[in-house]
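Since the structure comes first, as structure tokens, the remarks are kept for the end.
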Amino acid sequence: MSTPPQRVGIVGFGQRASLWQYAHRPDDATRPSAVVAVCDPSPRGRDRARAALPDALLTADLDEFLAHDLDAVLVLTPDFAHYPVALRTLEAGIATFCEKPLGITVAECDEMLETARRTGTRLYVGHNMRHMPVIVAMREAILAGAIGEVKAVWCRHFVSTGGDYYFKDWHAERSKSTSLLLQKGAHDIDVMHWLAGGYSTRVAAMGDLAVYGDIESRRDNSDRYMREWYSRDTWPPTTQHDLNPVIDVEDISMMTMTLDNGVLASYQQCHFTPDYWRNYTVIGTAGRLENLGDRPGDTIHVWNTRSDNFGEPDQVITIADAEGSHGGADPLLIAEFLRFAREGGRTQTSPVAARQAVAAGCVAADSLRSDGGAREVPALDPGLVAYFENFQACG
Ligand SMILES: NC(=O)c1ccc[n+]([C@@H]2O[C@H](COP(=O)([O-])OP(=O)(O)OC[C@H]3O[C@@H](n4cnc5c(N)ncnc54)[C@H](O)[C@@H]3O)[C@@H](O)[C@H]2O)c1
């Protein structure tokens with residue numbers, strides 16, 4: 001007899017809901033799954049869902065959605081709604097995929113982890129970069145000893161799409177995203193933690209609203225989605241237009257971190273560069289590596305013999321090609337979540353790591369908005385760490 005499809009629901013059907021295509025596999029021979037319900041308060045969100053999934057229940061009512069006998073839920077709402085929605089899905093006992101960042105405050109994250117443990121409901125956080133070929137290859141090289149013991153991780157994040165992606169809607173408001181150091185940076189902070197094998201305990205930051213705050217052209221864009229206003233032709237960034245009425249997050253920020261294993265890290269994020277990519281540099285006791293580009297076909301260079309000038313790398317790793325969005329990371333992410341929801345077991349992503357990325361980002365936002373001084377990152381309850389490090393299995 002064939003396995004019945006896993007019943008999947010989606011809350012929030014905006015840009016990121018393109019993940020539905022990886023979750024809706026009713027004809028998969030081994031692990032069929034079907035998106036059978038969508039909840040979105042906006043008629044536009046439900047219209048988008050109707051076009052993609054005409055047979056699914058479409059509702060604005062979370063209670064009606066939760067009563068639809070679901071096995072797993074993807075929470076794809078804006079960041080500020082992750083916490084209230086995921087608390088409900090966890091309380092309802094439905095395995096929950098929460099997009100990153102886990103929450104917009106440390107307290108929200110801690111309560112979400114606590115709720116998952118108390119209810120015994122599986123929680124998974126959508127840190128898709130842990131499935132990106134560039135990151136996986138750098139981590140494999142580090143674990144293979146290519147650069148010795150890691151001592152420093154530096155990341156520079158150039159965001160050419162900043163104006164269109166982050167300054168025309170809810171992302172631009174502190175009350176809805178806290179900070180782009182958290183909103184966007186949660187990915188990179190998590191990756192730096194992962195490559196370094198530790199978590200930030202102390203951080204300091206500085207930042208500014210250097211470009212977009214001066215632009216007078218403003219518009220409430222809540223009647224449209226990002227793809228409807230996005231344009232590659234808007235350049236230079238000072239010619240941006242139709243920005244969100246409220247902008248109180250920074251468009252350039254820099255943070256430094258001390259990790260619990262002694263590794264030092266730094267992160268720079270800029271939202272008005274011409275190019276879009278991330279450069280990670282990892283320095284160990286026996287070499288350093290650096291990615292030059294982060295897409296399939298780009299390369300990771302490893303230097304581990306002495307060369308007093310900028311010399312030829314000792315090893316060049318070509319970033320693998322893969323099918324699907326975000327360099328092939330998204331289909332792997334959803335497949336891992338659905339397998340975890342169904343069977344449990346080990347996962348590449350980690351709710352504890354997701355919380356630690358949010359915590360570092362929140363403390364950094366606090367630092368840069370005051371004196372720029374270093375601050376302690378609040379520790380997570382060791383009982384929760386142990387529970388999640390055991391992949392949410394009891395005993
Ligand atoms: N991991 C990644 O690579 C990645 C990429 C893009 C976005 N994201 C994350 O995905 C999430 C969604 O981003 P987006 O770009 O799709 O946003 P969006 O604004 O395009 O869409 C959000 C949708 O959620 C709906 N919504 C708002 N409040 C809701 C609520 N309380 N309950 C249900 N639905 C609600 C909105 O009506 C809208 O349709 C964000 O958390 C974002 O950070 C992650």
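The values are calculated or read from the model by the stated rules, or taken from the named source; none is laboratory data. This one's a predicted model, so the numbers in the text were calculated from it and none came from an experiment. Neighbour counts run over all protein chains shown; Cβ positions are idealised from the backbone, glycine included. These accessible areas exclude ligands, DNA and RNA; they are computed on the full protein's heavy atoms, side chains included. Shrake-Rupley method; radii C 1.70, N 1.55, O 1.52, S 1.80 Å.
Structure values in brief
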| quantity | calculated |
| --- | --- |
| Residues satisfying the stated conditions in region 178-189, i.e. within 18 Å of Tyr83 (Cβ to Cβ) and either of a type outside the set (S, T, N, Q) or out of contact with any Phe, Trp or Tyr (no Cβ under 8 Å at 6 or more places or on another chain) (or both) | Thr178, Ser179, Leu182, Ala186 |
| Test: residue in region 352-366 that is more than 19 Å from the chain's Cα centre (by Cα), open to solvent by less than 20 Å² (accessible area, probe 1.4 Å), modelled with pLDDT of 95 or more and more than 22 Å from Ile135 (Cα to Cα) | no |
| Residue count, region 24-33 (criterion: within 16 Å of Leu57 (Cβ to Cβ) and more than 24 Å from the chain's Cα centre (by Cα)) | 1 |
| Top-ranked residue of region 67-78 - restricted to ones that are open to solvent by 30 Å² or more (accessible area, probe 1.4 Å) and touching a helix residue (DSSP H, G or I) at 6+ places or on another chain (Cβ under 8 Å), ranked as nearest to Phe340 (Cα to Cα) | Asp71 |
| Residue within region 236-253 that is at positive phi and open to solvent by less than 70 Å² (accessible area, probe 1.4 Å) present | yes |
| Where Thr77 falls short, out of the listed (1) within 14 Å of the ligand (Cβ to nearest atom); (2) assigned to a helix (DSSP H, G or I) | (2) |
| Subset of region 270-310 [open to solvent by less than 20 Å² (accessible area, probe 1.4 Å) and in a loop (DSSP other than H, G, I, E, B)] | His271, Thr273, Gly293 |
| Of all residues in region 51-74 being more than 30 Å from Cys362 (Cα to Cα) and touching a Leu at 6+ places or on another chain (Cβ under 8 Å), the one that is farthest from the ligand (Cβ to nearest atom) | His68 |
| Inter-residue pairs, beta-carbon under 6 Å, first modelled with pLDDT of 95 or more and in region 162-177, second near the ligand (Cβ under 10 Å from one of its atoms) and outside any helix (DSSP H, G or I), 6+ apart | Lys168/Asn221; Asp169/Asn221; Trp170/Pro78 |
| Among (1) touching a residue at least 12 places away in the same chain (Cβ under 8 Å); (2) in a helix (DSSP H, G or I); (3) within 11 Å of the ligand (Cβ to nearest atom), the one test that Gly103 misses | (2) |
| Test: residue in region 325-343 that is hydroxyl-bearing (Ser, Thr, Tyr) and in a helix (DSSP H, G or I) | no |
| Members of region 134-154 that are within 16 Å of the ligand (Cβ to nearest atom) and either surrounded by fewer than 22 Cβ atoms within 10 Å (Cβ to Cβ) or at positive phi (or both) | Val136 |
| Leading residue by the ranking (nearest to the ligand (Cβ to nearest atom)) among those in region 29-50 that are over 21 Å from Pro78 (Cα atoms) and open to solvent by 60 Å² or more (accessible area, probe 1.4 Å) | Arg31 |
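Conditions tested, residue by residue: (1) assigned to a helix (DSSP H, G or I); (2) of a type in the set (Val, Ile, Thr); (3) touching a residue at least 40 places away in the same chain (Cβ under 8 Å).
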site: Thr3; (1), (2), (3): no, yes, no
site: Arg7; (1), (2), (3): no, no, yes
site: Ile10; (1), (2), (3): no, yes, yes
site: Ala17; (1), (2), (3): yes, no, yes
site: Asp27; (1), (2), (3): no, no, no
site: Ala34; (1), (2), (3): no, no, no
site: Val38; (1), (2), (3): no, yes, no
site: Pro41; (1), (2), (3): no, no, no
site: Arg44; (1), (2), (3): yes, no, yes
